[in-house]
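Structure first, commentary second.
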Amino acid sequence: MSSAAKVDRLSTDEKNPRGIPKAKFIEKVEDFINPKTSSDADVSTFLSELETRLQQYKFMEESKRNTLRSLNTKVPDIKNNLSMVKFLKEKKEGKTGDDDEDLDLDEDESSKGKIEVNYELNDTLYSTATIDTEKLDSVGLWLGANVMLEYPLDEAMDMLTERLEIAENSKKVTLEDIEYLRENITTMEVNISRVYNW
């Protein structure tokens with residue numbers, strides 16, 4: 001029997017929407033190992049196949065967890081950027097929201113359309129800038145991989161809204177995949193225990 005055929009006996013036709021195969025639950029070990037003709041080597045080979053499949057699921061789960069960690073960092077950053085761009089746009093358009101009362105700005109300074117902000121230069125270094133919102137037409141957005149692009153305010157809001165939606169959908173899908181993989185890992189662990197007990 002070829003190694004491809006051995007792997008096939010553990011596969012099922014069921015997959016999740018991302019193509020991750022469902023683990024086969026072994027109801028009867030005798031369906032896989034004939035107690036009359038099998039040797040210790042056959043049992044060891046089958047256990048090895050089960051262990052390999054278990055490790056594949058664990059590897060996929062760890063990969064999904066890394067993706068989730070990345071998304072848990074990315075989503076708040078996108079939300080913060082989007083709220084800042086919205087704030088700048090409202091200031092440019094002269095809209096005064098309820099939040100302005102909490103900012104404690106001088107009446108003269110707010111009427112001039114200038115705001116003072118602190119911004120991060122790197123992990124430990126911050127600086128202060130004054131933004132003239134009347135002359136503000138665009139913002140620079142850090143896209144990662146040492147790339148920053150300048151966008152008009154409306155385009156920046158559209159792009160950030162789209163990215164936020166994609167990131168939140170991706171997070172939801174990743175959580176579903178992690179749950180699915182946990183179920184498959186449990187199934188494979190039970191399978192291995194059943195074969196050992198057999």
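The values are calculated or read from the model by the stated rules, or taken from the named source; none is laboratory data. From a predicted model like this one, the values you see are computed outputs, not experimental measurements. Don't worry about glycine lacking a Cβ; one is built from the backbone with ideal geometry, like all the others, and counts go over all protein chains shown. In case anyone asks, the SASA skips ligands and DNA or RNA and just uses the protein heavy atoms, side chains included. Shrake-Rupley method; radii C 1.70, N 1.55, O 1.52, S 1.80 Å.
Under 24 Å from the mean Cα position of the chain (by Cα), open to solvent by 90 Å² or more (accessible area, probe 1.4 Å) and not basic (K, R), is that true of D137?
Values: under 24 Å from the mean Cα position of the chain (by Cα): no; open to solvent by 90 Å² or more (accessible area, probe 1.4 Å): yes; not basic (K, R): yes.
So D137 does not fit the description; no.
Of all residues in segment 155-198 being hydroxyl-bearing (S, T, Y) and in contact with a helix residue (DSSP H, G or I) (Cβ under 8 Å, 6 or more places away or on another chain), which is nearest to G140 (Cα to Cα)?
The first filter runs over segment 155-198 and keeps only residues hydroxyl-bearing (S, T, Y), leaving 161, 170, 174, 180, 186-187, 193, 196.
Filter again for in contact with a helix residue (DSSP H, G or I) (Cβ under 8 Å, 6 or more places away or on another chain), leaving 161, 170, 174, 196.
On the way: T161: 16, S170: 25, T174: 30, Y196: 60 Å.
Here the answer is T161.
Only one of these is modelled with pLDDT of 95 or more and farther than 25 Å from E61 by Cβ: T161, T128. Name it.
Exactly one of T161, T128 is modelled with pLDDT of 95 or more and farther than 25 Å from E61 by Cβ, namely T161.
Which condition breaks for S193 when tested against (1) at pLDDT 95 or above; (2) within 30 Å of T52 (Cα to Cα)?
Checking S193 against (1) at pLDDT 95 or above; (2) within 30 Å of T52 (Cα to Cα), the one that fails is (1).
Read through the list (1) outside any helix (DSSP H, G or I); (2) modelled with pLDDT of 85 or more; (3) closer than 14 Å to N184 by Cβ, then give the number of the only condition that P17 fails.
Of the numbered conditions (1) outside any helix (DSSP H, G or I); (2) modelled with pLDDT of 85 or more; (3) closer than 14 Å to N184 by Cβ, the odd one out for P17 is (3).
Residue-wise test of (1) farther than 30 Å from P17 by Cα; (2) assigned to a helix (DSSP H, G or I); (3) in contact (Cβ under 8 Å) with a residue 24 or more places away in the chain.
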{"site": "K135", "(1), (2), (3)": "yes, no, no"}
{"site": "E155", "(1), (2), (3)": "yes, yes, no"}
{"site": "L160", "(1), (2), (3)": "no, yes, yes"}
{"site": "E168", "(1), (2), (3)": "no, yes, yes"}
{"site": "K172", "(1), (2), (3)": "no, yes, no"}
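Can you tell me which residue is farthest from V195 (Cα to Cα) among those in segment 30-51 that are hydroxyl-bearing (S, T, Y) and not in a helix (DSSP H, G or I)?
The initial filter retains those residues of segment 30-51 that are hydroxyl-bearing (S, T, Y), namely 37-39, 44-45, 48.
Subset that is not in a helix (DSSP H, G or I): 37-39.
Details: T37: 16, S38: 13, S39: 14 Å.
Applying the filter and picking the extreme gives T37.
Which ones in segment 18-52 are under 17 Å from R182 (Cβ atoms), open to solvent by 70 Å² or more (accessible area, probe 1.4 Å) and not aromatic (F, W, Y)?
Correct list: R18, K22.
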